[in-house]
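**Student:** The structure under discussion is supplied below as structure tokens; questions concerning it will follow.
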Amino acid sequence: MSRRTRRAAPVPPAGAARCTVTVCRGCCCGSAKIPGLDHAAQLRDLRRALDGIATVRVTDCLDACEHANVVVVQPSSAGRAAGGRPVWLGLVNDPDATADIAAWAGDGGPGLADPPGMLDLYAFAPSRRVRRGAED
């Protein structure tokens with residue numbers, strides 16, 4: 001993940017490009033295979049925190065099951081122009097991690113804001129095949 005210092009991004013105007021937070025809810029993510037996590041609350045909390053700020057979408061299996069629950073934070077067009085690239089986060093199985101993701105995306109996400117330090121522990125690099133399919 002980038003360690004560039006950036007100012008917090010302003011809330012984008014309606015219709016402007018914003019970062020996208022993709023939440024896997026396939027065969028392992030969002031299932032009873034990850035006990036002790038309220039999966040519906042995790043998604044609800046992300047949607048509430050990022051309403052009007054970032055796009056939150058749910059997708060089927062991202063094929064990185066060994067890292068369940070997987071969340072991918074994709075940069076806005078401004079973030080991509082500033083050098084931001086999608087960041088894959090795995091083992092997002094506690095409310096603090098979810099709150100950190102929401103805070104980072106709310107600040108502008110990849111390329112525009114540094115992630116909270118704890119998110120470094122969740123970052124992983126999926127295979128090129130998996131990345132290509134999810135980021136198209």
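**Student:** Could you identify the single residue in Ala81, Ala99, Ala103 that is more than 19 Å from Val23 (Cβ to Cβ) and small (Gly, Ala, Ser)? Spell out how you get there, then give the answer.
**Tutor:** Numbers: Ala99 fails: more than 19 Å from Val23 (Cβ to Cβ); Ala103 fails: more than 19 Å from Val23 (Cβ to Cβ).
Going through Ala81, Ala99, Ala103 in turn, the sole match is Ala81.
**Student:** Of the conditions (1) part of a loop (DSSP other than H, G, I, E, B); (2) farther than 23 Å from Ala40 by Cβ; (3) of a type outside the set (A, V, I, L, M, F, W, C), Asp120 clears all except one; give me its number.
**Tutor:** Among (1) part of a loop (DSSP other than H, G, I, E, B); (2) farther than 23 Å from Ala40 by Cβ; (3) of a type outside the set (A, V, I, L, M, F, W, C), the lone unmet condition for Asp120 is (1).
**Student:** Next up: Go through (1) at pLDDT below 85; (2) closer than 23 Å to Gly106 by Cα; (3) not aliphatic (A, V, I, L, M) one by one and return the number of the condition Asn69 breaks.
**Tutor:** Among (1) at pLDDT below 85; (2) closer than 23 Å to Gly106 by Cα; (3) not aliphatic (A, V, I, L, M), the lone unmet condition for Asn69 is (1).
**Student:** Given the criteria within 18 Å of Cys24 (Cβ to Cβ) and either without any contact (Cβ under 8 Å) to a residue 40 or more places away in the chain or outside any loop (DSSP other than H, G, I, E, B) (or both), does Ala99 qualify? Lay out the reasoning, then the answer.
**Tutor:** Numbers: within 18 Å of Cys24 (Cβ to Cβ): no; either without any contact (Cβ under 8 Å) to a residue 40 or more places away in the chain or outside any loop (DSSP other than H, G, I, E, B) (or both): yes.
Judged against the criteria, Ala99 is not a match.
**Student:** When you go through Gly133, Gly52, Gly90 one by one, which is the residue that is at pLDDT below 90 and out of contact with any Gly (no Cβ under 7 Å at 6 or more places or on another chain)? Full working, then the answer.
**Tutor:** On the way: Gly52 fails: at pLDDT below 90; Gly90 fails: at pLDDT below 90.
Just a single option satisfies the conditions, and that option is Gly133.
**Student:** While we're looking at this one, here's another question. Please give the number of the condition Ala113 fails out of (1) out of contact with any Phe, Trp or Tyr (no Cβ under 9 Å at 6 or more places or on another chain); (2) farther than 19 Å from Ile34 by Cα.
**Tutor:** (1)
**Student:** Determine whether region 1-13 contains at least one residue that is in contact with a strand residue (DSSP E or B) (Cβ under 6 Å, 6 or more places away or on another chain), at pLDDT below 90 and closer than 17 Å to Ala105 by Cβ.
**Tutor:** Going through region 1-13, the residues in contact with a strand residue (DSSP E or B) (Cβ under 6 Å, 6 or more places away or on another chain) turn out to be 1.
Cutting the leftovers down to at pLDDT below 90 gives us 1.
Cutting the leftovers down to closer than 17 Å to Ala105 by Cβ gives us 1.
For region 1-13, residues in contact with a strand residue (DSSP E or B) (Cβ under 6 Å, 6 or more places away or on another chain), at pLDDT below 90 and closer than 17 Å to Ala105 by Cβ: present.
**Student:** Are there any pairs, at least 6 apart or on different chains, whose C-beta atoms fall under 7 Å, with the first in region 110-130 and within 16 Å of Gly84 (Cβ to Cβ) and the second polar (S, T, N, Q) and crowded, with 16+ Cβ neighbours inside 10 Å, and if so, which?
**Tutor:** So the pair list comes out as Pro110/Ser2; Gly111/Ser2; Asp114/Ser2.
**Student:** Taking Gly109, is it in a loop (DSSP other than H, G, I, E, B), surrounded by fewer than 18 Cβ atoms within 10 Å (Cβ to Cβ) and modelled with pLDDT of 95 or more?
**Tutor:** Working: in a loop (DSSP other than H, G, I, E, B): yes; surrounded by fewer than 18 Cβ atoms within 10 Å (Cβ to Cβ): no; modelled with pLDDT of 95 or more: yes.
Judged against the criteria, Gly109 is not a match.
**Student:** Counting only residues that are among the aliphatic types (A, V, I, L, M) and part of a helix (DSSP H, G or I), which one in region 62-86 is farthest from Pro35 (Cα to Cα)?
**Tutor:** Of the residues in region 62-86, the ones among the aliphatic types (A, V, I, L, M) are 62, 64, 68, 70-73, 78, 81-82.
Those left that are additionally part of a helix (DSSP H, G or I): 78, 81.
Working: Ala78: 37, Ala81: 39 Å.
Filtering region 62-86 for residues that are among the aliphatic types (A, V, I, L, M) and part of a helix (DSSP H, G or I), the one farthest from Pro35 (Cα to Cα) comes out as Ala81.
**Student:** Let me ask you something else. Please go through region 59-85 and give me each residue that is surrounded by 15 or more Cβ atoms within 10 Å (Cβ to Cβ) and in contact with a strand residue (DSSP E or B) (Cβ under 6 Å, 6 or more places away or on another chain), ordered by number.
**Tutor:** Leu62, His67, Val70, Val71, Val72, Val73, Gln74
**Student:** Taking the residues in region 87-105 that are of a type outside the set (S, T, N, Q) and surrounded by fewer than 19 Cβ atoms within 10 Å (Cβ to Cβ) as candidates, determine which candidate is nearest to Gly36 (Cα to Cα). Explain how you work it out, then say what you get.
**Tutor:** Narrowing region 87-105 to residues of a type outside the set (S, T, N, Q): 87-92, 94-97, 99-105.
Checking which are surrounded by fewer than 19 Cβ atoms within 10 Å (Cβ to Cβ) leaves us with 91, 94-96, 99, 103.
Values: Leu91: 13, Asp94: 9, Pro95: 11, Asp96: 14, Ala99: 17, Ala103: 23 Å.
Among them, the one singled out is Asp94.
The values are calculated or read from the model by the stated rules, or taken from the named source; none is laboratory data. Predicted model, so just to flag it, every value in this text is computed and none were measured. Positions of Cβ are generated from backbone atoms using ideal geometry, with glycine treated the same way; all protein chains shown enter the neighbour counts.
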